[in-house]
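Reading through the structure tokens given below for one structure.
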Amino acid sequence: MKRIILSAVSILVFLGSTGFVLFSNGIYNVTGSPGEGTCANCHSGGTGTTQINISASPAFTANQYVPGQTYTISIAINNTGATKFGFDAEILNAQDNDAGTITAGLSGVQIMASAGARTNAYHSAPKLGTGSSTFQFVWVAPVSGQATLYVSVNAVGSSDFGAPANTSLVLSASPNSVVKWEGSEMSNLSVFPNPATNEMNVHYYLNDNERIKATLIDLKGNPVSELFEGACSRGPQQIKINLPEGLAKGFYFLKLKGKTEKVVSVLVQ
């Protein structure tokens, strides 16, 4: 019995001494948003003070976003005693659901997006740095409403278990800004997630009020399913579409037809 107890203690000491080894592939749903914990749930005891700086390109003005605009969000983590860094982030609306769409992670960042769950951007592996490091991901702003960015981070020194920190940034829609696309009546069509499993979010922009029909087409050009049809107002659009049950895995085309047509490829898995 004593041997078993000693072995368990040894394992705990080993895990505690290796810092990021526990979550070297990242962990999500620890952003500090309503109902969630933070990195401090598992990390503590590190030296120094960890600071978080949130910025965007294009920049947010007066903590406002432009509806439908695509932003590159940067999460800069600073701690003079740290050499390894990790993070988790969500952007939620007033109902604590996804606000807009996190579409892609840049270097060292992965995306977790599943049906009915909050989308997370989080580290795919700890980033190395001397006192600081930065993570980036791409976000398409919603059409309207409040958007709160929740971030939790951890900064690990050479021999400690980390100095976590968390923060949030509340954004509102700019009342005086409109994203402008030149050209046809329908533009800026994108789908996320892609590959898709059970559902997907479709983003596009309309230069005028019109009726839109969304159809899923196979590689031979044959219609597979009519996904959506309805009247849409001018401006950025965001539609959540449920894929048909029993849909075979593979590549398809999503066709949006109004006054003009736009087509984007979709991988169903």
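Values in this text are rule-based calculations from the coordinates and carry no lab data. If you're wondering where the values come from, they're calculated on a predicted model, not measured in any experiment. Neighbour counts are summed over all protein chains in view; Cβ atoms, including those assigned to glycine, are modelled from backbone coordinates with ideal geometry.
Compared with the dominant Cα axis of the chain, that is its longest principal axis, helix 2-17 is turned about 60°.
With the dipole of the chain worked out from charges on the C-beta (+1 for Lys and Arg, -1 for Asp and Glu) around the Cα centre, which of Ala76, Ser168, Thr61 lies farthest toward the positive end? Selected residue: Ala76. Plainly put, the range 186-268 has a radius of gyration that is 0.94 times its Kirkwood radius, both from alpha-carbon atoms, as the Rg/Rh ratio.
Which Cα, out of Phe228, Pro195, Ala125, lies furthest along the positive dipole direction of the chain (beta carbon charges, K/R +1, D/E -1)? With unit charges placed on the Cβ atoms, the residue in question is Ala125. Placing +1 on the Cβ of every Lys and Arg and -1 on the Cβ of every Asp and Glu, with nothing else charged, gives the chain a dipole about its Cα centre of roughly 420 debye. The Cα trace of the chain gives Rg and Dmax of 21.7, 77 Å, the first to one decimal, the second as a whole number.
Which net charge results when you count Lys and Arg as +1 and Asp and Glu as -1 among the other residues whose beta-carbon is under 13 Å from that of Ala155? Walk me through the numbers before you get to the answer.
Details: positive: Lys84, Lys127; negative: Asp160.
Combined, the nearby Lys, Arg, Asp and Glu give +1.
The string of couplings for the range 116-133 from the Karplus curve (6.51, -1.76, 1.60, θ = phi - 60°) is x, 10, 6, 7, 10, 10, 8, 5, 8, 6, x, 8, 8, x, 9, x, 6, 6 Hz, one whole number per residue in order, with x for Gly and Pro. For the pair the range 31-70 and the range 92-166, the centres of their Cα atoms are 7 angstrom apart.
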